[in-house]
Structure formats: C-alpha cells, structure tokens
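S.K.: Dumping the structure here so I can ask a few things about it.
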Amino acid sequence: MSDKPEKFIDENGLRLDGRQINEIRQMKIKIGVLSRADGSCYLEWGNNKILVAVYGPRELHPRRLQKADSALIRYRYNMAAFSVEERIRPGPSRRSIEISKVSREAFEPVIMTHLYPGAVIDVFAEVLQADAGTRTAAINAASVALADAGIPMKGLVSACAVGKVDGQLVLDLNKAEDNYGQADLPVAMTQDGEITLLQMDGDMTQEEFRKALEMCKEGCRQILEMQKEALKAKFADDTALPVPDEAEETVDVATALEDVVEEAEEAADSEEPEAEETEEADESAEYLIEEDLEPAPEETEAEDVEDETAAEELDEEDADEEVLDVEEEFIELIDEDTEDEEKVATEGSETREQ
Ligand code: ADP
C-alpha cells in the first residue's frame with residue numbers, strides 16, 4: 001500500500017491525479033459484452049474495472065424461496081483475487097456481503113419486481129481491478145446491465161462518492177483519498193434524485209454533509225448522462241431498421257404507400273352513399289327488418305340468394321355427414337375402450353388368481 005501523501009490538494013486547488021475537487025474520473029461504459037448473460041456491462045472508472053452480468057427474470061429454485069407477489073433480486077459483489085495489489089482470498093467476506101446487500105437495496109425501489117412473481121433477477125458484479133469507489137462503480141455498471149437485460153425499471157440508478165481530504169470536500173475519491181481521507185460518503189440515487197444508498201465513513205459537519213449530497217447529486221447527474229449515452233449507442237444500433245441498398249427502393253416504398261392511401265381514399269369516397277344508407281339503417285331496426293323481407297329487386301341478387309340457399313343446404317348435408325362420421329368414430333372408440341377394459345379386467349383377475 002502506498003504511503004499517506006503530505007497534501008491531497010495543491011496550491012492550484014488540484015488533486016493528486018490532477019482533477020478539480022468536483023470532477024469525476026473518466027468513465028467508459030460498454031454494454032452487452034457477455035453473450036450468455038441476459039444483460040451485461042463492462043465499466044472502467046479511473047483505474048476501476050468492473051464487469052456485471054445480469055440473468056433473469058427466471059424461475060427461482062428452490063421454489064420455497066419464491067415470493068408470491070414479486071421477483072427476488074440477488075446481487076453479488078465480488079472482488080477478483082487479483083483486483084488489488086495483495087491477493088484477496090476468494091469467496092465472500094464481511095465487506096463483500098455488506099456491499100452486496102446495500103447494492104441490492106439500491107435497486108429495489110426502481111426494479112418493477114411485482115411484474116415477475118416467483119422469479120429471480122441475478123446481478124453479478126465482478127471487480128477485476130479496484131482503485132476506490134468499486135461499490136459505486138459496480139452499481140453504475142449494474143444499472144446499465146439491468147437495462148440491457150430489459151428488466152423493467154422506473155429509471156436508472158447512478159452512484160458516486162464524496163469524501164473529505166485536507167478539510168475539503170472532493171467528488172469521486174481516488175485510492176489515496178479513500179484510504180487516508182477524513183470521510184467517505186458513497187451515494188446512489190435514481191434519476192429523480194431519490195437516494196437509494198447512503199453510507200458514511202469518517203466525520204463531516206452537517207453543513208459539509210449537505211454540501212456533499214449536492215456534490216453527489218451533480219456527480220450522479222453526469223454519470224446518468226454517460227449511462228444513457230451508452231444505452232442509446234447500443235440500442236440505436238440494434239433497433240435500427242434495415243436501410244434499403246438503393247435509394248430508389250425507399251422512393252418505391254413511399255410511392256406505394258401513397259398509392260395505397262389514395263386507393264383507400266377513393267374507395268371511401270365511392271362507398272360514401274352506402275355508408276349513408278347504413279347510417280340511416282342503423283337509425284331504425286324496423287327499417288332493417290323491412291329491407292330483409294323485401295323481395296330482391298334484381299335477378300342477379302335473386303340468383304345470389306338461390307346460390308346462398310343451395311350452399312347452405314350443401315353445408316348442412318356435409319355437417320350432417322360429419323356428425324354421423326364423428327358419432328360412428330366415437331362409438332368405435334367406446335367399443336375399443338370397453339374391449340380393452342374387459343381385457344385388462346380379465347388379465348387382472350387372472351393375475352390375482354395366480
Ligand atoms: P469502495 O471500493 O467501494 O470504495 P472500500 O472503501 O471498502 O470500498 O475500499 C476502498 C478501496 O480499498 C477499494 O476500492 C480497493 O481498492 C481497496 N480494498 C478494499 N478491500 C481491499 C482488500 N481486501 N485488500 C486490498 N485492498 C482493498
């Protein structure tokens with residue numbers, strides 16, 4: 001571990017890594033990096049490297065863990081053994097269990113779990129390289145991965161931390177600031193500014209706390225923009241309609257559409273008198289009955305009526321035949337069943353006798 005620096009902020013008001021006190025580290029977001037996961041995200045934030053995979057909603061096993069009215073969210077935060085200078089012992093630790101719990105709670109208010117009773121949504125956050133702020137980095141990546149998985153959410157969750165070094169509040173702590181600073185306040189919030197995670201390590205006055213929250217809010221706003229951009233970049237590509245090879249095709253489609261609209265309009269114009277008749281007819285049920293009873297005025301219509309009657313008669317005959325066929329088949333089936341049953345009964349009694 002590196003030694004404690006003498007000063008965290010220089011005479012120009014810049015931090016050890018050259019950032020302003022209210023400046024977040026550079027962030028890179030890549031979506032859909034794992035083909036087997038339903039949603040995934042790889043995020044780099046300064047020297048942090050985080051990979052998140054989301055699975056679900058899928059049926060929860062064992063079934064006794066299922067919730068009748070909502071989906072269960074499982075969140076596993078894990079640091080790879082090689083993610084820090086000294087090897088981390090694999091497996092859950094007190095710290096990783098705590099971070100997993102608070103991170104899950106950071107998503108519970110936004111994920112619409114009531115839509116998937118009996119299901120589970122699994123979030124696996126793997127820290128490949130750690131450099132302070134890994135829980136907030138993992139939340140930012142998880143938020144995007146959940147969206148990538150198509151999990152219905154009220155909005156994205158963004159997270160960042162504010163700390164205190166040399167008596168000054170600084171946004172998004174680096175490793176030295178995190179390890180040797182006077183305070184660390186990680187916060188996650190929804191895009192509406194609702195806080196879903198708030199932890200604090202160290203000391204702050206009330207005034208500092210209020211100011212720190214404001215700084216976090218601004219940090220989260222910037223991160224939200226990056227998350228949205230990353231999602232737009234992916235889904236704008238995925239959902240893009242295939243563009244025809246030649247511009248002419250586009251024109252053809254447009255022209256064809258216009259033709260269809262014109263035809264429909266013409267048809268509507270020519271049908272208007274009929275539509276009026278229908279409207280009038282609708283006004284009186286008696287009128288309708290009279291119309292039906294009136295003899296067909298033209299020969300063609302009379303022929304149509306005769307044809308219809310003949311067709312109906314044919315249909316009825318066919319139907320009768322079908323009914324007979326079905327009845328015959330049914331009787332045959334019953335006979336077969338009875339024969340089988342008798343056979344089974346005889347065999348059964350034979351077996352018993354033995
Ligand atoms: P966060 O990463 O969310 O800021 P902490 O404040 O607990 O969480 O940790 C700060 C940093 O300390 C981590 O990002 C990591 O770089 C380092 N760190 C945490 N746990 C260990 C560990 N077991 N061994 C070595 N370094 C660690």
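The values are calculated or read from the model by the stated rules, or taken from the named source; none is laboratory data. As the structure is a computational prediction, the values presented were derived from the model and not from experiment. Here the Cβ positions follow ideal geometry from the backbone for every residue, glycine too, while neighbour counts run over all protein chains shown.
S.K.: Evaluate the following for M153: is it buried (at least 24 other Cβ atoms within 10 Å of the Cβ), farther than 30 Å from K4 by Cβ, away from the ligand (no atom under 11 Å from the Cβ) and assigned by TED's automatic domain parsing to the domain that holds D69? Quick ask: steps written out before the conclusion?
M.R.: Values: buried (at least 24 other Cβ atoms within 10 Å of the Cβ): no; farther than 30 Å from K4 by Cβ: yes; away from the ligand (no atom under 11 Å from the Cβ): yes; assigned by TED's automatic domain parsing to the domain that holds D69: yes.
Criteria not met by M153.
S.K.: State the number of residues belonging to region 44-100 that are under 19 Å from I121 (Cβ atoms), within 16 Å of the ligand (Cβ to nearest atom) and in contact with a helix residue (DSSP H, G or I) (Cβ under 7 Å, 6 or more places away or on another chain).
M.R.: Of the residues in region 44-100, 7 are under 19 Å from I121 (Cβ atoms), within 16 Å of the ligand (Cβ to nearest atom) and in contact with a helix residue (DSSP H, G or I) (Cβ under 7 Å, 6 or more places away or on another chain).
S.K.: Across region 202-226, what is the number of residues that are touching a helix residue (DSSP H, G or I) at 6+ places or on another chain (Cβ under 9 Å) and more than 19 Å from S158 (Cα to Cα)?
M.R.: Residues that pass the stated criteria total 1.
S.K.: Testing R36 on (1) outside the structural domain of G219 (by TED's automatic domain parsing); (2) closer than 26 Å to V127 by Cα; (3) more than 16 Å from the ligand (Cβ to nearest atom), one condition comes back false. Which one is that?
M.R.: Of the numbered conditions (1) outside the structural domain of G219 (by TED's automatic domain parsing); (2) closer than 26 Å to V127 by Cα; (3) more than 16 Å from the ligand (Cβ to nearest atom), the odd one out for R36 is (1).
S.K.: Residues to consider are L198, L185; find the one that is within 27 Å of I111 (Cα to Cα), within 15 Å of the ligand (Cβ to nearest atom) and without any contact (Cβ under 8 Å) to a residue 24 or more places away in the chain.
M.R.: Details: L185 fails: without any contact (Cβ under 8 Å) to a residue 24 or more places away in the chain.
When all the criteria are applied, what remains is L198.
S.K.: Among R104, R135, R95, which is assigned to a helix (DSSP H, G or I), in the same structural domain as P62 (by TED's automatic domain parsing) and over 25 Å from V33 (Cα atoms)?
M.R.: Working: R104 fails: over 25 Å from V33 (Cα atoms); R135 fails: over 25 Å from V33 (Cα atoms).
The match here is R95.
S.K.: Can you tell me which condition V170 does not meet? The list is (1) more than 15 Å from the ligand (Cβ to nearest atom); (2) of a type outside the set (S, T, N, Q); (3) farther than 26 Å from P90 by Cα, and all the others hold.
M.R.: Checking V170 against (1) more than 15 Å from the ligand (Cβ to nearest atom); (2) of a type outside the set (S, T, N, Q); (3) farther than 26 Å from P90 by Cα, the one that fails is (1).
S.K.: Counting only residues that are over 20 Å from I139 (Cα atoms) and within 11 Å of the ligand (Cβ to nearest atom), how many does region 201-215 have? Show your work before the answer.
M.R.: The first filter runs over region 201-215 and keeps only residues over 20 Å from I139 (Cα atoms), leaving 202-211.
Keeping just the survivors that are within 11 Å of the ligand (Cβ to nearest atom) gives 202.
The qualifying residues number 1.
S.K.: Right, next: Going by the conditions given, is L169 more than 30 Å from T113 (Cα to Cα), touching a residue at least 24 places away in the same chain (Cβ under 8 Å) and touching a Gly at 6+ places or on another chain (Cβ under 6 Å)? Explain how you work it out, then say what you get.
M.R.: Working: more than 30 Å from T113 (Cα to Cα): yes; touching a residue at least 24 places away in the same chain (Cβ under 8 Å): yes; touching a Gly at 6+ places or on another chain (Cβ under 6 Å): no.
No; evaluated as a whole, the condition is false for this residue.
S.K.: Can A176 be described as within 14 Å of G46 (Cα to Cα) and surrounded by fewer than 24 Cβ atoms within 10 Å (Cβ to Cβ)? Can you show your working first?
M.R.: On the way: within 14 Å of G46 (Cα to Cα): yes; surrounded by fewer than 24 Cβ atoms within 10 Å (Cβ to Cβ): yes.
Against the criterion (within 14 Å of G46 (Cα to Cα) and surrounded by fewer than 24 Cβ atoms within 10 Å (Cβ to Cβ)), A176 qualifies.
S.K.: Restricting attention to strands (runs of 3 or more DSSP E) lying wholly within region 6-88, give those where 3 or more residues are among the hydrophobic types (A, V, I, L, M, F, W, C) and closer than 19 Å to Q222 by Cβ. Spell out the reasoning first.
M.R.: Values: elements: 27-31, 39-45, 48-59, 72-79.
By residue number, 27-31, 39-45.
S.K.: Residues to consider are V127, V123; find the one that is hydrophobic (A, V, I, L, M, F, W, C), assigned to a strand (DSSP E or B), under 30 Å from K4 (Cβ atoms) and assigned by TED's automatic domain parsing to the domain that holds N47. Give the steps one after another, and end with the answer.
M.R.: On the way: V123 fails: under 30 Å from K4 (Cβ atoms).
The match here is V127.
S.K.: Is it the case that some residue within region 156-165 is within 10 Å of the ligand (Cβ to nearest atom) and out of contact with any Pro (no Cβ under 7 Å at 6 or more places or on another chain)?
M.R.: Among the residues of region 156-165, at least one is within 10 Å of the ligand (Cβ to nearest atom) and out of contact with any Pro (no Cβ under 7 Å at 6 or more places or on another chain), which makes the answer yes.
S.K.: Right, here's the next one. Would you be able to say whether some residue in region 40-57 is of a type outside the set (F, W, Y) and loosely packed, with under 11 Cβ neighbours inside 10 Å?
M.R.: The initial filter retains those residues of region 40-57 that are of a type outside the set (F, W, Y), namely 40-41, 43-44, 46-54, 56-57.
Subsequent filtering for residues that are loosely packed, with under 11 Cβ neighbours inside 10 Å retains none.
Within region 40-57, not a single residue is of a type outside the set (F, W, Y) and loosely packed, with under 11 Cβ neighbours inside 10 Å.
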